[in-house]
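This report refers to the structure that appears directly beneath it.
The values are calculated or read from the model by the stated rules, or taken from the named source; none is laboratory data. For clarity, every value in this text was computed on a predicted model and none was experimentally measured. When we count neighbours, we look across all protein chains shown, and the Cβ atoms used for this are built from the backbone with ideal geometry, even at glycine.
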Amino acid sequence: MPKITTSDFRNGLNIMMNDDIYTIIEFLHVKPGKGGAFVRSKLRGVTNGKVLDKTWRAGESVETVRVERHPYQYLYFDGEVYHFMHEQTYEQLGINAKQVDKPAYMKESEIITVVMNADTEQVLFTELPDHVVLVVTDTEPGIKGDTATGATKPATLESGATIQVPLFINQGDKLRVDSRIGSYIERVKS
């Protein structure tokens with residue numbers, strides 16, 4: 001694996017540390033008036049999701065890990081494994097449930113990004129699009145004019161997730177949902 005120094009750090013870079021892959025979330029080069037320069041960084045574990053703070057000496061070298069992102073179509077979940085199909089090659093892939101990011105907002109035939117280690121072709125995790133469109137399958141009926149108060153009610157989506165929506169949303173409405181935080185964005189016109 002290629003090595004880089006702390007001066008080459010950038011957000012989103014994947015590095016190998018303690019026999020695990022971490023992604024740099026943020027970093028800051030610090031040059032104090034007294035002592036040597038150093039780099040403060042915040043890292044997220046790719047396989048375990050843990051966020052940790054790490055301080056590096058300026059010029060310290062680390063190994064980078066090359067990752068590739070491929071579009072896969074979500075097929076089905078069999079209770080233990082999520083099954084996907086590659087868009088171009090039609091190759092099918094089973095991914096362990098703990099490697100799937102936010103499965104509550106996935107629906108069948110949706111395109112998901114699968115992130116793999118380019119050297120070993122091992123699946124690291126999946127990424128859902130930031131915004132997904134889902135149909136409301138169950139909610140209390142909306143009342144005309146319920147738009148000014150800002151009140152919300154629970155709604156169950158076709159993927160099985162439950163989110164808070166405005167009172168005017170009805171069963172069968174298509175909604176744009178922010179999958180990162182699981183919140184309602186807007187109603188989508190058909």
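Within the stretch 156-189, restricting attention to residues that are small (G, A, S) and surrounded by 13 or more Cβ atoms within 10 Å (Cβ to Cβ), the residue that is farthest from the chain's Cα centre (by Cα) is G160.
Could you check the stretch 69-149 for strands (runs of 3 or more DSSP E) lying wholly inside it with 1 or more residues that are of a type outside the set (S, T, Y), touching a helix residue (DSSP H, G or I) at 6+ places or on another chain (Cβ under 6 Å) and under 20 Å from V46 (Cα atoms)? Reasoning before the result, please.
Working: elements: 81-86, 92-96, 111-117, 123-127, 131-139.
In the stretch 69-149, the matching strands (runs of 3 or more DSSP E) lie at 123-127.
Restricting attention to the stretch 153-190, the residues that are of a type in the set (D, E, K, R), in a loop (DSSP other than H, G, I, E, B) and in contact with a strand residue (DSSP E or B) (Cβ under 7 Å, 6 or more places away or on another chain) add up to 2. Tell me which residues, restricted to the stretch 17-49, are touching a Phe, Trp or Tyr at 6+ places or on another chain (Cβ under 8 Å) and of a type in the set (A, V, I, L, M). Selection gives I24, V30, V39, L43, V46. A search for C-beta distances below 8 Å between a residue of the stretch 91-111 that is on the phi > 0 side of the Ramachandran plot and any residue that is of a type in the set (A, V, I, L, M) and at pLDDT 85 or above, counting only pairs 6+ apart in sequence or on different chains, returns K102/L128; S109/L75.
Residue by residue, here is whether (1) of a type outside the set (A, V, I, L, M); (2) exposed (fewer than 11 other Cβ atoms within 10 Å of the Cβ); (3) modelled with pLDDT of 90 or more holds:
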{"position": "I4", "(1), (2), (3)": "no, no, no"}
{"position": "G35", "(1), (2), (3)": "yes, yes, no"}
{"position": "L43", "(1), (2), (3)": "no, no, yes"}
{"position": "E63", "(1), (2), (3)": "yes, no, yes"}
{"position": "E68", "(1), (2), (3)": "yes, no, no"}
{"position": "Y72", "(1), (2), (3)": "yes, no, yes"}
{"position": "V81", "(1), (2), (3)": "no, no, yes"}
{"position": "Q92", "(1), (2), (3)": "yes, no, yes"}
{"position": "D101", "(1), (2), (3)": "yes, no, no"}
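Listed here are the residues, each with its yes/no results for (1) modelled with pLDDT of 90 or more; (2) under 29 Å from V100 (Cα atoms); (3) among the basic types (K, R).
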position: E121; (1), (2), (3): no, yes, no
position: F125; (1), (2), (3): no, yes, no
position: K144; (1), (2), (3): no, no, yes
position: T162; (1), (2), (3): yes, yes, no
position: L175; (1), (2), (3): yes, yes, no
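Within the stretch 26-47, residues that are assigned by TED's automatic domain parsing to the domain that holds D8 and under 18 Å from V65 (Cβ atoms) sit with their Cβ atoms under 7 Å from residues that are part of a loop (DSSP other than H, G, I, E, B) and modelled with pLDDT of 85 or more, at 6+ positions apart or across chains, in these pairs: F27/F9; S41/F9.
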